[in-house]
1. Check whether at least one residue in segment 551-566 is closer than 23 Å to GLY186 by Cβ and buried (at least 17 other Cβ atoms within 10 Å of the Cβ), and report yes or no.
2. Residues in segment 524-565 that are assigned to a helix (DSSP H, G or I), within 15 Å of the ligand (Cβ to nearest atom) and within 30 Å of GLN42 (Cβ to Cβ): how many?
3. Can you name the number of the only condition in (1) surrounded by 23 or more Cβ atoms within 10 Å (Cβ to Cβ); (2) in a strand (DSSP E or B); (3) out of contact with any Ser or Thr (no Cβ under 9 Å at 6 or more places or on another chain) that LEU166 fails?
4. Consider ALA21 against the criteria (1) closer than 30 Å to THR547 by Cα; (2) at pLDDT 95 or above; (3) aliphatic (A, V, I, L, M); (4) part of a loop (DSSP other than H, G, I, E, B): it satisfies all of them except one. Which criterion is unmet?
5. Can you confirm whether LEU644 is over 26 Å from the mean Cα position of the chain (by Cα), part of a helix (DSSP H, G or I) and under 26 Å from HIS574 (Cβ atoms)?
6. Having 2 or more residues that are at pLDDT 95 or above is the bar; report the strands (runs of 3 or more DSSP E) wholly within segment 171-218 that clear it.
7. Examine segment 453-467 for a residue that is of a type outside the set (S, T, N, Q) and more than 16 Å from the ligand (Cβ to nearest atom), and state whether such a residue exists.
8. Tell me the residue from GLY371, GLY357, GLY329 that is buried (at least 18 other Cβ atoms within 10 Å of the Cβ) and within 16 Å of the ligand (Cβ to nearest atom), please.
Amino acid sequence: MSDLDTPTSYPLHIHHHDPNAKYDPPQHLIDNAHVKSFDQYQQLYQLSVKDPEAFWSKLAEQFHWESKPTGQFLNYNFDIRKGPIYIKWLEGAKTNISYNMLDRHVKNGLGNKVAFYWEGNDPGDNGKITYNELLVQVSKFANVLKKLGVNKGDRVAIYMPMIVELVICMLACARIGAVHSIVFAGFSAESLSDRILDANCCALVTADGVWRGSKLLNLKSIVDRALEICKDKGKPVDTCVVVRHLTPFENSNGVYTEDSPDECPVAKRPCTKLKISWSPERDFWWSDLMHDASEYCDPEWMDAEDPLFMLYTSGSTGKPKGVLHTVGGYMLYAVATCKYVFDLQPDDIYWCTADVGWITGHTYVCYGPLGNAVTGIIFEGTPFYPDAGRFWAVIEKYKVTKFYTAPTAIRSLMKFDDSFVTKHDRSSLKILGTVGEPINPEAWLWYHKIVGNENCAIVDTFWQTETGGHVITPLPAATKTKPGSATFPFFGIVPALLTDDGKEIVGPGEGYLVFKQPWPGIMRTVFNNHERFEITYFKKFPGYYTTGDGAKRDEEGYLWITGRIDDMVNVSGHLLSTAEVESALIEHEAVSEAASGETFSDDLVKELTAAVRLKIGPFAQPDYIQNAPALPKTRSGKIMRRILRKIAVNDRDIGDTSTLADESVIDFLFKLRPKDA
Ligand code: PRX
């Protein structure tokens, strides 16, 4: 169960909370803001949904387009009854996103501006890179990729820690038109190989290893196992590039030995003596390849609708789906949402704590901030290392102005004494964002009062891997916020709430959250499986994009996301399908139907937990496993997960059970439920 439900000692003053209490935008933001009032938001919003071309073409002017669109500015079909679903923005226009993130700013005289500060896992370990330097590194690595035989349209898998090379690699792919497919470096070898195989990647870029807090991860050994699986399945990956992040300088094979030096000559930090193995015909050190690569690489001019990247997200059948985003629309949307939602200004120090392995990192660590030419932070560590004040220490160190993290992090941090926060100077902060799951008002208020000193706008941003960027969100100088509400649609987004039989709910009410028309950042397809795209998002309610989330609208029109209404669970802000976890569990012999066991012991719980870690990754391991000798099923044999969910949170209000084959199962499961879970 999530940490939301564990007892905490919340400060007294935030116990009683009025759900309609509203928080004004901070005065200090308003004068200089891009959108200064709710009226102005509404005017722009109306234009954005009534005349998308007028609205988005204005925003597109800041970018370099090598040529103009040849077709319609927006061309789409959202209605599966009328034919296949398609969405095309700026079709025929040519551009390159790496050019717009880098060359454009360098040409505008911003070359010496810091693009990223890098803050390592250890507080003493840090670095920075300017826009000029980033352009050089990206061009060099783009040339490296070309030399390795990577072509436009090829997929490149990336399995890397939060280091600058990760962003260099993404942009290098984008520069030559290769499609990056990043796999969060917390996924297991098996999950990594699944994704490499599905995307048919021709190369993989990784690092030797990484420290995450006090835990050491040997990434190269996970990669070795993943590539072994690919080979066994008849689809070997010929090229693996390895960034030397932890290991000391090479002997002749480039591999750590007893004689290797104790200090890493690259990063001047103590070396981790990580043993890695090496396949000389397949593995290359990043530094060797970069050594004599040319610093110039002409960008590949891409069609706006060419693929930029794919990123896997859980699917309710258990098999992850490769969400595909394209160059032009994604660029427009990432840069626009980042600009307006964080009200970006030239002197901002912007920090999104998400790992680039998730969509939040793609859009709001890499493309959004770079496109706006601000200074960002790439953070390798965790919120708890060396102590629970790390976030606030980093904010103090770099004088962060805009900060973006997840409710799960906020909830864990608020359990510690407030002095972990207050001993650090946070006076630079102006906007605090959250994303990933509904934020409970207690956590919102703690974020606002303790972290933000009641002086920052809180932006609770709802969106998905599929949406590319924020879709329901306040604007910091325009929207009065209510703790727990993601408030109103971003530009171009037309939300609706539907009843189960597809009727639009007008006014206050609760229903399925859907969108009525496309915005530039919406995904275009599921890689190699357009049918799955149509079925997942467009079939249940023809004419709408279905988010899979529920939401309610209050009397004042505020939207409150209530969470997933399909078989997906949100684990620390990351979606997992129950089917994915179940299929990991079901392989254990004691599990007849995931969630039910014959002998239920502590050892079994440990084995099952380990099975999930191995199959999916450590982040997915269940906090709690309940014995369930029987499951609530319909007469046709379908497990009623809605009821399991209620049992998990000890909610007896389970609604209609008339389709259940055996109602007594419910009482039985409630009785088995431990008191403290
Ligand atoms: O259920 C919603 C939840 O996260 C899901 C999307 O997960 P993912 O594609 O992994 O992307 C997470 C980061 C964008 C959504 O369907 N979610 C995300 N943000 C919020 C949220 N739920 C409530 N409030 C949010 N602000």
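The values are calculated or read from the model by the stated rules, or taken from the named source; none is laboratory data. Bear in mind the structure is a predicted one, so any value in this text is a computation, not a measurement. Note: ideal-geometry Cβ built from the backbone for every residue, glycine included; neighbour counts use all protein chains shown. SASA here: full protein model, heavy atoms, side chains in, ligands and nucleic acids out. Shrake-Rupley method; radii C 1.70, N 1.55, O 1.52, S 1.80 Å.
1. Checked segment 551-566: at least one residue is closer than 23 Å to GLY186 by Cβ and buried (at least 17 other Cβ atoms within 10 Å of the Cβ).
2. Our first condition is that a residue be assigned to a helix (DSSP H, G or I); within segment 524-565, this holds for 530-538.
Next, only the ones that are within 15 Å of the ligand (Cβ to nearest atom) stay: 533, 536-537.
Keeping just the survivors that are within 30 Å of GLN42 (Cβ to Cβ) gives 537.
So the answer is 1.
3. Result: LEU166 fails condition (2) only.
4. (2)
5. Numbers: over 26 Å from the mean Cα position of the chain (by Cα): yes; part of a helix (DSSP H, G or I): yes; under 26 Å from HIS574 (Cβ atoms): yes.
Yes: the conditions hold for LEU644.
6. Details: elements: 179-182, 203-207, 210-212, 215-217.
Output list reads 179-182, 203-207.
7. Going through segment 453-467, the residues of a type outside the set (S, T, N, Q) turn out to be 454, 456-460, 462-463, 466.
Subset that is more than 16 Å from the ligand (Cβ to nearest atom): 454, 456.
Checked segment 453-467: at least one residue is of a type outside the set (S, T, N, Q) and more than 16 Å from the ligand (Cβ to nearest atom).
8. Numbers: GLY371 fails: within 16 Å of the ligand (Cβ to nearest atom); GLY329 fails: within 16 Å of the ligand (Cβ to nearest atom).
Checking each option against the conditions leaves just GLY357.
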